[in-house]
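See structure below.
The values are calculated or read from the model by the stated rules, or taken from the named source; none is laboratory data. Bear in mind the structure is a predicted one, so any value in this text is a computation, not a measurement. Backbone-built Cβ (ideal geometry, glycine too); neighbour counts: all protein chains shown. Surface accessibility is based on the protein's heavy atoms, side chains included, excluding ligands, DNA and RNA. Shrake-Rupley method; radii C 1.70, N 1.55, O 1.52, S 1.80 Å.
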Amino acid sequence: MGIRLFKKDTFSTILKKYFAEENETLSLDPLSEIIASLKKEDLGVFTAYLKDNKIITNNLTTYLRNIFKDRSFNLSLTEADILSENAFFPEFKKRLLNKVLPPIENEKTVWYLVDNVLVTPKKDLSFFQNSPEDKMDELFRLLKIDDFIRNPKVKKELLFSVNILAWRVIGNALDVEVMKMAPEYRNFDNPFLALQNELDVLNSEFKDNPDFQMSSTDVLYKQTKVYLDQCLEFINIAFKNSSKYGISSKTNQSLLKIRQQLQRMADTIKLFVVDTEKDYLINSKQLFFNILRYKSHKNNLRDLVSDSTRLMSHLITNHTAETGTHYITSTFKAYMKMFWKASGGGVIVGALCILKMLYSYIPTSDFAHAFLFSMNYAMGFVMIYLMHFTLATKQPAMTAATMAKVLSEGDSTNTYTEFAHVVSQLFRSQFIAFIGNVLMSFPVALAMIYGLEILFKQNFAFEKSTKLLHDLDPFQSKAILHACIAGVFLFISGVISGNISNNSVFYQIPKRIAKNPSINYFFGPRFAKQLSIYYSKNWAGIISNFWFGVFLGATAPIGLFLGLDLDIRHITFAAGNFALGLYGKDFVVTSYTFWVSFVTVFVIGFFNFAVSFGLSMLLAFRSRKVEINEAKEIFREIFRYFIRNPFRFFFPLRSRLDEKSKKMIEEIATKSANH
């Protein structure tokens, strides 16, 4: 196969070599060499040569008829570029393996022929698609394949393919997990079964008359098309309901597969429709292009990842969007409330800084330190969450989804301006949350380390002070990189929260708790109901904060174990560590050390925010199909808004857009809550 890449003969040389005389060979080499050479020429030159050389053309036609004879092509219609597994990772693994080591195919199939003739299927498809239509028509006529769609054997293969797809569609569509995604159809006739009835009529027609054909006005074709549209509408409704009922990755994959199969059925049934004589040529070409297109995408990993993850990312951001609305302040009262909540979070983080330092003195293994640090952070973050305090950088992962909703659901020409105003509200919310966290974590850590020295007559920060201050120097340490790592973990914790919320809805966990016989028997219905409500409101946040703590606590010990300079830097912890570093040095540090450490605390906060918010925005934009090319105009409008109203990005100044933004955010919260 690889040798063909070095063939440099022109198509005329190849044609003379193989087809100057009648050739009964069934080898695929002549065809592969012709196609490889043809891509270097204009198709018009090739057709002109065939017109001038009738003998070669006739011999080539005979050769093509022989190599395609008795080769079935149903696999190319029913398998290529259609999901074959009901889960993402098995499908991904299968496609990856097929890319690296192509599977062994049945040599009596068109699938095998295409695989062994086309070295670069996408480029070959592009060549034929970009060739002038009149030249393609002429080529089909010269090779006497302009009406091969009329052949009863071809029709039989097409009909067989449609039946295979229909059987698979019905089997998947009647799965209980799929059916419950579209309860609207419970009181109606199932469109999938109705579609199968129409196909039974089509099969009967073909059995009675192998030469049958349909026109676009035939009742059979119209009815089949109607049921196909209803089946596709079923899938669309199921996807829409995913926000209401949640969805599992398996069900998501099943719905994607059913949609692909329905679309493939629609494409194939169209090939039976002939209104004029010219339609035979059009349909013959279409079948040719369909097979090439399906085959060229059969192992496409990018499309698989895109299709399989878009809905899940939409659900994750959808469930975090409602939470994100609570982190955007629009009034002075809300602004100050955010400050006090952040201050409470700062108090707890100040204590966590002390505990982590004390744990580090325990002489134990790296694994034990990882466990202690992880539990320290995890319990602290869960405590912050349950006490309704705020950890500033936890907000971006939640607010990004809200921002994407504001942008994607805007319906006016002023959407970008309104979006810029919401950004200003978000930014000042982050700003005051940073201030609240830092202003409290610094003095609390200072007060606690002082209290420990009074109690135990020992400065516990002395031994660690040099390292703590060194870690706050971006020129001497990897503080910025470590801040970015923390930003990634903040993003992941937001994804975990959204995923748990989706699974909770899909598996109806709150309802299961409320109806659980054991809980109701031992504790009573009222307790079961309250537990259900508590779970619904808090479980995703608890788990998200727990894992965020585990990520932060385990990073440094894991990095040490692997010999890598891995760690995390978080603005609130950086402020607490700054206090411990100064205390350990008895506040005797150079002005350079003091000011660099002071500035770095806020630089760390900026990168925490930028990375977590940026990743969350990418996920949210992608899930809602917000075009990336809009970003330039969006950021330009935000910059213009900042130049006109810089203080609104830091303080809750009134604006005529306040009511508009408040209404948009309330609508988002209401929609999300209704889900």
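Can you report the number of residues in segment 59-83 which are more than 24 Å from the chain's Cα centre (by Cα) and assigned to a loop (DSSP other than H, G, I, E, B)? Write out each step before concluding.
Step one: list which residues in segment 59-83 are more than 24 Å from the chain's Cα centre (by Cα), which gives 59-78.
Applying the additional criterion that residues be assigned to a loop (DSSP other than H, G, I, E, B) yields 69-71, 73.
Going through segment 59-83 one residue at a time, the tally reaches 4.
Checking ASN66, ASN53, ASN59, ASN106 one by one, the residue that is modelled with pLDDT of 85 or more, exposed (fewer than 15 other Cβ atoms within 10 Å of the Cβ) and either within 29 Å of ASN151 (Cα to Cα) or among the aliphatic types (A, V, I, L, M) (or both) is ASN66 and no other. Does segment 175-191 contain any residue that is open to solvent by 20 Å² or more (accessible area, probe 1.4 Å) and closer than 23 Å to MET214 by Cβ? No, that holds for no residue.
For segment 208-245, a residue qualifies if it is open to solvent by 80 Å² or more (accessible area, probe 1.4 Å), part of a helix (DSSP H, G or I) and β-branched (Val, Ile, Thr), and exactly one does: VAL219.
Let's see how each residue does on (1) among the basic types (Lys, Arg); (2) in contact with a strand residue (DSSP E or B) (Cβ under 6 Å, 6 or more places away or on another chain); (3) at pLDDT below 90; (4) buried (at least 18 other Cβ atoms within 10 Å of the Cβ):
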{"position": "ARG569", "(1), (2), (3), (4)": "yes, no, no, yes"}
{"position": "THR600", "(1), (2), (3), (4)": "no, no, no, yes"}
{"position": "PHE613", "(1), (2), (3), (4)": "no, no, yes, yes"}
{"position": "SER623", "(1), (2), (3), (4)": "no, no, yes, yes"}
{"position": "ILE643", "(1), (2), (3), (4)": "no, no, no, no"}
{"position": "ARG648", "(1), (2), (3), (4)": "yes, no, yes, yes"}
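Going by the structure shown, is LEU564 surrounded by fewer than 16 Cβ atoms within 10 Å (Cβ to Cβ) and at pLDDT below 95? Full working, then the answer.
Values: surrounded by fewer than 16 Cβ atoms within 10 Å (Cβ to Cβ): yes; at pLDDT below 95: yes.
So LEU564 fits the description; yes.
Screening LEU615 against (1) in the same structural domain as ASP473 (by the TED database); (2) more than 28 Å from the chain's Cα centre (by Cα); (3) not in a loop (DSSP other than H, G, I, E, B); (4) not basic (Lys, Arg) leaves a single unmet condition, (2). Taking segment 84-109 as the range and being in contact with an Asp or Glu (Cβ under 9 Å, 6 or more places away or on another chain), in contact (Cβ under 8 Å) with a residue 12 or more places away in the chain and part of a helix (DSSP H, G or I) as the test, the residues that pass are GLU91, PHE92.
If the condition is being β-branched (Val, Ile, Thr) and touching a residue at least 60 places away in the same chain (Cβ under 8 Å), then segment 534-565 contributes ILE542, VAL550, THR555, ILE558.
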